[in-house]
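Read through the structure below, which is laid out as structure tokens, and then see the notes.
The values are calculated or read from the model by the stated rules, or taken from the named source; none is laboratory data. Keep in mind that what you see is a predicted model, and the values were worked out from it rather than measured. Note that each Cβ is placed from the backbone with ideal geometry, even for glycine, and that neighbours are counted across all protein chains shown. The area values use the complete protein model at the heavy-atom level, side chains included, leaving out ligands, DNA and RNA. Shrake-Rupley method; radii C 1.70, N 1.55, O 1.52, S 1.80 Å.
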Amino acid sequence: MRARYGVPLGVAAVGAAGLVYAAGFEARSFRLRRVTIPVLPSGMRPLRVLQVSDIHMVGGQRKKQRWLRSLAGLRPDFVINTGDNLSDPEAVPEALDALGPLMDFPGAYVFGSNDYYGPRLRNPARYLIEKAQGRHGLNGNAPAVGVVHNPWEDLRDGFDAAGWLNLTNTRGTLKVEGVSVELTGLDDPHIKRDRYAEVAGGPSSSADFSMGVVHAPYLRVLDAYASDGYPLILAGHTHGGQLCIPFYGALVTNCDLDTDRVKGLSTHTAQDRTAYLHVSAGCGTNRYTPVRFACPPEATLLTLVGREQR
């Protein structure tokens with residue numbers, strides 16, 4: 001009896017323990033990453049930018065809400081929210097409450113698909129299948145039907161009322177202690193809402209510094225930003241792979257970005273121009289797959305410094 005069932009039961013126990021860890025501990029083990037990027041014009045004072053992404057708020061997530069509120073203690077120069085704030089159509093008030101202290105600072109936002117539509121239960125193995133077939137989101141897949149429509153307008157109105165810039169296929173400018181920061185944003189490429197032609201042309205000569213903002217880091221968008229001369233691009237969406245293999249990394253990115261750049265700071269080159277790319281692993285999960293493994297939830301404090309500090 002022991003010889004026959006000992007190994008399967010042992011494997012099952014290890015699997016169960018891993019699931020408990022991934023859902024009960026790591027998915028709630030929020031942390032702050034700090035990254036320095038030498039991207040500003042020479043002589044400009046450093047800028048401290050807090051990037052929050054992929055919150056995927058579900059009602060009752062008190063620990064996540066407390067952690068998000070605590071980030072205001074960092075006192076950033078401005079905040080960039082790269083989308084997917086919701087994973088529950090009833091969670092808009094809680095999302096706005098959690099982000100309330102951060103909305104005391106200048107900021108801007110783009111939306112992701114989960115701000116517009118509620119999540120659906122799906123087999124996680126489909127991400128691997130879609131990767132192998134080159135299909136991601138609506139880029140190669142059939143449009144979703146029967147989806148839940150989130151009250152994204154309420155979320156938008158809350159951000160706008162706080163003075164955050166809506167970067168939906170448009171440009172905006174923040175004034176930070178006399179420094180003019182131009183932000184060029186896109187709606188979510190994962191569901192084909194991006195309209196780069198509406199913002200094309202590159203950084204404005206009147207701005208002290210310019211950067212691109214988008215939810216999902218699809219290559220067509222990164223190519224456009226980099227070739228137009230933006231020195232920095234911020235994105236989210238990937239969850240850092242969410243379920244990673246220790247000492248190996250992510251298996252999927254849920255877009256056409258390679259897994260080597262699934263999270264953190266890297267570069268992207270198009271037409272002989274190179275931009276820094278920062279992809280946030282985000283601080284939440286789809287409500288139907290509330291697990292993370294070897295990829296803890298995060299926000300990032302980006303310190304932008306002069307290019308001469310490379």
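Give the average over all directions of the projected area of the C-alpha convex hull of the chain, one decimal, in nm².
With the hull built on Cα positions only, its mean projection is 17.8 nm².
Considering only 191, 245, 37, give the residue with the highest GNM mean-square fluctuation for the chain, with springs between Cα atoms whenever their separation is below 10 Å.
So, out of 191, 245, 37, the one fluctuating most is 245.
Find out how many positive minus negative residues lie around residue 179, taking Lys and Arg as positive, Asp and Glu as negative, among other residues whose Cβ is under 11 Å from that of residue 179.
-2
Highest GNM mean-square fluctuation, the chain, Cα pairs closer than 10 Å: which of 114, 141, 166?
141
When ligands, DNA and RNA are left out and all protein chains stay put, how many square angstrom of accessible area per residue does the chain have with a 1.4 Å probe?
Per-residue accessible area for the chain comes out at 44 Å².
Give the ranking of 152, 67, 164 by solvent-accessible surface, highest area first, calculated with a 1.4 Å probe.
152, 67, 164
Using modelled amide H (1.01 Å from N, peptide plane; none on Pro or chain starts), what sits under 5 Å from the amide H of residue 243, excluding residues fewer than 5 places away?
Amide H to amide H, under 5 Å and 5 or more residues apart or across chains, residue 243 pairs with 293.
Taking +1 at the Cβ of each Lys and Arg and -1 at the Cβ of each Asp and Glu, which of 268, 236, 202 sits farthest along the dipole of the stretch 190-310 towards its positive end, judged by Cα position relative to the Cα centre?
236
Around residue 103, with a cut-off of 12 angstrom between Cβ atoms, what is the net charge of the other residues, counting Lys and Arg +1 and Asp and Glu -1?
-2
Would you kindly state how much longer the chain becomes between residue 31 and residue 97 on full extension, computed as 0.36 nm times their sequence separation minus their alpha carbon distance, in nm to one decimal?
So the extension gain works out to 21.8 nm.
Within the set of other residues whose C-beta is less than 11 Å from the C-beta of residue 65, count the net charge using Lys and Arg as +1 and Asp and Glu as -1.
+3
Set the Förster distance to 22 Å, then compute FRET efficiency between residue 48 and residue 308 from the Cβ-Cβ distance, nearest 0.05.
Computed FRET efficiency for residue 48 and residue 308: 0.75.
Under the rule of -39500 (n - 2.57) per DSSP H run of 4 or more residues, summed and divided by the residues of the chain, what mean residue ellipticity at 222 nm is obtained, to the nearest 500 deg cm²/dmol?
About -6500 deg cm²/dmol.
Treating the beta-carbon of each Lys and Arg as +1 and of each Asp and Glu as -1, no other charges, what is the dipole magnitude of the chain about its Cα centre, to the nearest 20 debye?
The dipole of the chain has a size of about 1260 debye.
Run the simple label-point estimate for residue 138 and residue 220 please: 7 Å along Cα→C-beta, distance reported in nm.
1.1
For a quick check, take a GNM of the chain with Cα springs below 10 Å and name the residue from 163, 212, 282 with the largest mean-square fluctuation.
163
Rounded to the nearest 20 debye, what is the charge dipole size of the stretch 102-227 about its Cα centre when +1 sits on each Lys and Arg Cβ and -1 on each Asp and Glu Cβ?
Once rounded to the nearest 20, the dipole reads 740 debye.
Treating the angle as unsigned and between 0 and 90°, give the value, to the nearest 10°, between the Cα long axis of helix 152-161 and the longest Cα principal axis of the chain.
Orientation of helix 152-161: about 40 degrees from the principal axis.
State the percentage of accessible surface on the stretch 62-110 attributable to carbon and sulfur atoms; use a 1.4 Å probe and exclude ligands, DNA and RNA.
Percent of accessible area from carbon and sulfur atoms in the stretch 62-110: 49.
Roll a 1.4 angstrom probe over the protein heavy atoms and tell me the percent of accessible area of the stretch 177-241 that is carbon or sulfur.
So the carbon and sulfur contribution to the accessible surface is 43 percent.
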